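Step one of this worksheet: look at the structure below.
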């Protein structure tokens, strides 16, 4: 060891020599510089001078001062901001006054030592806040999730939903970058020597003719700074997605992102990381929406014309969100153009839309309205069965209307009013009639099956700055959902001797009314520390009455009119919920971010109450440049259940409140992910998750809401769910061809004590493999092609594999049931997998600009190769088609299919 | 390859998770079914069958009973033993019984069911029984085999049932019947039937031995109406009508004592006016079977399955079984019967 150290010392000797030479040279040069300046200063040292600065930098200003006053400057160049320019004239001003002016806000202090002015960095710098609003320059609309950061240190923040930002930094000079998707970024040189209000308007970086994003302008699905499990979708991103049935749809689009899956054909619900359909919180301007689908799920209620920014969160939930276990889809509508009237008209074969926005009072009050009318009942009838499907939907229409008014009280405060109403209506009538002139009989029957549902949503609120570091928001809102389904089956028979009439009328009703008041504040403590807090009070009333009236009357028999009323489900709940949250956003060393928080809710429903503390934490660590490791933990709770047949999701499924026999659902999710952004053409994101859910409800075996007791809580089981998986997203955002492919490998199970003999079983939508590839190819500025291919493992069903006859009863003479009832099936719950689902959608867009208007033709084809995907599989016996001898028939798996190929054409004009 | 290590990492991650996921259950795996009911005072009959493929390629009759008895034919070297804790019964012999098997009301076929019984083995109330069925190893080369089936159950004690008839003055109801029994404090399970039995004037009223007729199942010479079916298809609670959960297709009520533990349970039903001109007598026969928990679970599951199997809106039901390594049921019951002649 001694020998080794000796050699190390010996080897270091030349380095020591070099350092010594550097020091000597440095001292020598400084001495010369000092002597030179000293000589100059000796010539004339003046404490008051007159200088004129015109767009001079600090360094240039020092030089001018030095020449005029004779003082020399000593400083480190790193200390001096170079971007700041000064234009000012000083007449007989003292050196102190000039320097105080020039160094204001730079974090630099000075000391005059003889003829030298020494510049040093201040210790204990004061902190100041820069805050304001970020808006679209053309429309005046607030920009949500815009980025604001210091170009040098990358310390920054994002704007909230009202476009407000607040950033606290130490006194100094900064170059702040303001950026937002689809807008030209702006750099601002700031001297932060006091609290500054600075509102920024960002110009669109695309002209009108480029509203449709061309290939090389696609933005990432997951941004570098996004926390784990969060996706931000700008309106421009929706525009660039494949068109389905003539228009882009938000919820169809997000199903192409790993972790978010569709259920089955004609089931619009989304299933996030093994969760159920009502475990997703859909917010429209902060108001929950209880059924967000039109037309059997082919469209969502979110009209893409009026959608602003959308956040989709599937893990790492911020503490401000609560009330659902699996995801948050937070949709904000556009404020409307504050400057001028703009609009868009779309005409399509399936639906048409109108969108208008503009100022009511210029730069003060704006409006945005959007209306949509669907008339698939016309187009569906025109489709030949070979193209569509035997069971293709028909006799169906829908419509919706959005309106928003935004009023600026002043630069820092807004009032807003947002309204949505939507309606779906479908009805199918079948009848038959026969007359026999020989027997003189007449027979008539009619069958009507219909349903309609509607949502009414409204919110009114105030948002603005309370102080330099505090931003607040107060809102009152309501959300009302009602569903009505009906089946009328009646028959009439007349003969010369008798007349009879029978009818069975079934009515299903389901209503939810929500009133919410909420207040929240955000406080920027330091640039790397922000605190958010809020409180909300919610009244949620449920009511439902599902009943059937059967009637029979035979004229020949006196007093034969029999009426029987049966109630399938009947309930009414008045519930309240207090909830609050506290959340911190903390940053360390520019590479580590940790956001701890807690959400608390206290729920009451008559005698039932539930108090649940929900801790959350999410973190990200950029361990090397553009390689980010992310992790999160979330506990979530919800006080609402969805109760429906598990084999088939229906709009008539019951929305029911948590109560003693069906306690609030809870979940815990652990998630970890890595974003690798170092490759030139593609970004790679990999997430893994494990989620456990408790207090899930499910109908007991053999039960349905058409049977047994009308008290739903007496025919359910309480159980748990487990979901685990890994998600891969590879994005290509540059070049003529852009897009991504996503793959999810997952395993989702459920377990109930009295279902499947208590053993764990696969969830019906346990898709082991879920893969999609989505792309847009820009041929030129006018034409682009989009496509989407989706493939996933089939849904799970309970189909018997084997069976036997209970023979012993025949020799025991007991438990001897009617024919056909002693066949016993060996079912394992959800052990059968339906055929895999796959579908290709394709669209071609043609854009043309003329006289400041954009015209766009879109030809889209849903399910290009007419794949008949199965939406439900069921065991069945075919007695109608005799095979072989008398009585010989077949048992089969009844695989029902609904939607085939649907071509569509739409024309849009924007002005 | 600059990023080879990341590709490798991704490959191993995906492979690992794929392997960790469960594979689908094999649907059409054949299984052995053991059925044996231990009725108090009766000779238990053990039936062994194999499950059948639900979706065979060939055409078959969906209704007609065609349960094959491969096990008896190809697996004759089976050792059966039943123990009640003191005695072991292992002298089981194979027997055959012809039963009527109807495709429809006109076509009646007979079918031979084979079963095993030991003439010394009579089930007794209050006793616990354990059954073991072993197939000897040398016979395991056949196309289907089982190694070891095992189960146990208890034959419950007798719980007497009572019935009382009351006149009912309403236009369509002739009598009102009240059926009662006393439920012990522990968990108990029951199966209750009430049948109106009437015969033609072929019978001489004075010579009718209803108990004998009922036990010997002379169904061809008497008619029966299920009174529970007539009366309890709908129930009303607090003015709300609904379909009762406990009604079963086996013509009776399958119930547990969750709602009346340790109390006297009472059932009421109406006996309506019938055409008395053509029948010589009316009897009401009430049977209360005090059944073991396994008995209840098995038939409850079958009933749930029956009504939900092809109903897309119902939750599918799984078959209950208490047979280790197989399917089926080994359960006990004690029957209390009352016969009342309607005046």
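The values are calculated or read from the model by the stated rules, or taken from the named source; none is laboratory data. Keep in mind that what you see is a predicted model, and the values were worked out from it rather than measured. Cβ placement follows ideal geometry from the backbone for every residue including glycine, while neighbour counts extend to all protein chains displayed.
Name the pairs: first residue in region A:287-303 and free of Cβ contacts under 8 Å to residues at least 40 places away in the same chain, second residue in a loop (DSSP other than H, G, I, E, B), Cβ to Cβ under 8 Å, at least 6 apart or on different chains?
Filtered contacts from region A:287-303: A:297/A:266; A:297/A:267; A:297/A:268; A:297/A:269.
Go through the residues of region A:796-809 one by one and say whether even a single one is under 27 Å from the mean Cα position of the chain (by Cα) and in contact (Cβ under 8 Å) with a residue 60 or more places away in the chain.
No, region A:796-809 has no match at all.
Tell me, yes or no, whether region A:892-903 has at least one residue that is within 14 Å of chain B (Cβ to nearest Cβ), modelled with pLDDT under 80, in contact with a strand residue (DSSP E or B) (Cβ under 7 Å, 6 or more places away or on another chain) and within 30 Å of residue B:33 (Cβ to Cβ).
Narrowing region A:892-903 to residues within 14 Å of chain B (Cβ to nearest Cβ): A:892-896, A:898.
Keeping just the survivors that are modelled with pLDDT under 80 gives A:898.
Applying the additional criterion that residues be in contact with a strand residue (DSSP E or B) (Cβ under 7 Å, 6 or more places away or on another chain) yields A:898.
In the following step, the residues that additionally are within 30 Å of residue B:33 (Cβ to Cβ) were identified as none.
Within region A:892-903, none of the residues are within 14 Å of chain B (Cβ to nearest Cβ), modelled with pLDDT under 80, in contact with a strand residue (DSSP E or B) (Cβ under 7 Å, 6 or more places away or on another chain) and within 30 Å of residue B:33 (Cβ to Cβ).
Going by the conditions given, is residue B:136 modelled with pLDDT under 90 and crowded, with 16+ Cβ neighbours inside 10 Å? Full working, then the answer.
Values: modelled with pLDDT under 90: yes; crowded, with 16+ Cβ neighbours inside 10 Å: no.
No, not satisfied.
Just one of A:458, A:464 is in contact (Cβ under 8 Å) with a residue 24 or more places away in the chain and under 30 Å from residue A:396 (Cα atoms); which is it?
Matching residue, one of A:458, A:464: A:458.
I'm told residue A:308 meets every condition in (1) closer than 17 Å to residue A:163 by Cα; (2) out of contact with any strand residue (DSSP E or B) (no Cβ under 8 Å at 6 or more places or on another chain) except one. Can you identify the failing condition by its number?
Against the list (1) closer than 17 Å to residue A:163 by Cα; (2) out of contact with any strand residue (DSSP E or B) (no Cβ under 8 Å at 6 or more places or on another chain), residue A:308 comes up short only on (2).
Look through A:774, A:744 and report the one residue that is more than 30 Å from residue A:664 (Cβ to Cβ) and either in the same structural domain as residue A:236 (by TED's automatic domain parsing) or not in a loop (DSSP other than H, G, I, E, B) (or both).
None of the other options fit; the residue is A:774.
Which condition does residue A:727 not pass, out of (1) surrounded by fewer than 22 Cβ atoms within 10 Å (Cβ to Cβ); (2) over 20 Å from residue A:649 (Cα atoms), if it passes all the others?
The number of the failed condition is (1).
One line per residue, one yes/no per condition, for (1) part of a loop (DSSP other than H, G, I, E, B); (2) within 30 Å of residue A:359 (Cα to Cα):
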{"position": "A:87", "(1), (2)": "no, no"}
{"position": "A:92", "(1), (2)": "no, no"}
{"position": "A:109", "(1), (2)": "no, no"}
{"position": "A:119", "(1), (2)": "no, no"}
{"position": "A:123", "(1), (2)": "yes, no"}
{"position": "A:138", "(1), (2)": "yes, yes"}
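Could you grab me the full set of residues in region A:704-729 that are in contact with a strand residue (DSSP E or B) (Cβ under 9 Å, 6 or more places away or on another chain), part of a helix (DSSP H, G or I) and within 9 Å of chain B (Cβ to nearest Cβ)?
A:715
Identify the residue in region B:110-133 that is more than 18 Å from residue B:80 (Cβ to Cβ) and loosely packed, with under 12 Cβ neighbours inside 10 Å and, among all such residues, is modelled with the lowest pLDDT.
So the residue we want is B:110.
I'm trying to understand the selection: among the residues of region A:797-824, which are in contact with a helix residue (DSSP H, G or I) (Cβ under 7 Å, 6 or more places away or on another chain), modelled with pLDDT of 80 or more and either in a helix (DSSP H, G or I) or more than 7 Å from chain B (Cβ to nearest Cβ) (or both)?
none
Within region A:705-722, track down each residue that is closer than 16 Å to residue A:510 by Cα and either crowded, with 21+ Cβ neighbours inside 10 Å or not assigned by TED's automatic domain parsing to the domain that holds residue A:546 (or both).
Across region A:705-722, the qualifying residues are A:705, A:710, A:712.
Of all the residues that make up region A:263-298, how many are in contact with a helix residue (DSSP H, G or I) (Cβ under 8 Å, 6 or more places away or on another chain) and part of a strand (DSSP E or B)?
Looking only at that region, the number is 4.
Go through region A:747-771 and give me each residue that's outside any loop (DSSP other than H, G, I, E, B), more than 9 Å from chain B (Cβ to nearest Cβ) and more than 20 Å from residue A:873 (Cα to Cα).
A:751, A:752, A:758, A:771
(1) closer than 30 Å to residue A:843 by Cα; (2) within 12 Å of chain B (Cβ to nearest Cβ); (3) touching a residue at least 40 places away in the same chain (Cβ under 8 Å): which one isn't true of residue A:736, the others all being true?
(2)
Is it the case that region B:31-50 has a residue that's in a helix (DSSP H, G or I), more than 10 Å from chain A (Cβ to nearest Cβ), farther than 13 Å from residue B:115 by Cα and at pLDDT 70 or above?
Going residue by residue through region B:31-50, those that are in a helix (DSSP H, G or I) are none.
No, the conditions are met nowhere in region B:31-50.
Which ones in region A:494-504 are in a strand (DSSP E or B) and either surrounded by fewer than 16 Cβ atoms within 10 Å (Cβ to Cβ) or not assigned by TED's automatic domain parsing to the domain that holds residue A:566 (or both)?
A:499
Among (1) assigned to a helix (DSSP H, G or I); (2) closer than 30 Å to residue A:522 by Cβ, there is one condition residue A:98 misses while meeting the rest; what is its number?
Result: residue A:98 fails condition (2) only.
For residues that are within 11 Å of chain B (Cβ to nearest Cβ), farther than 20 Å from residue A:618 by Cα and surrounded by fewer than 24 Cβ atoms within 10 Å (Cβ to Cβ), scanning just region A:685-701, find the one that is farthest from the chain's Cα centre (by Cα).
Here the answer is A:700.
Which members of region A:126-141 meet the condition of being modelled with pLDDT of 80 or more and out of contact with any strand residue (DSSP E or B) (no Cβ under 6 Å at 6 or more places or on another chain)?
Passing the criteria: only A:136.
Step by step: first the residues of region B:293-306, then only those that are over 20 Å from residue A:807 (Cβ atoms) and crowded, with 21+ Cβ neighbours inside 10 Å, then the one that is farthest from the other protein chains (Cβ to nearest Cβ). Which residue is that?
B:296
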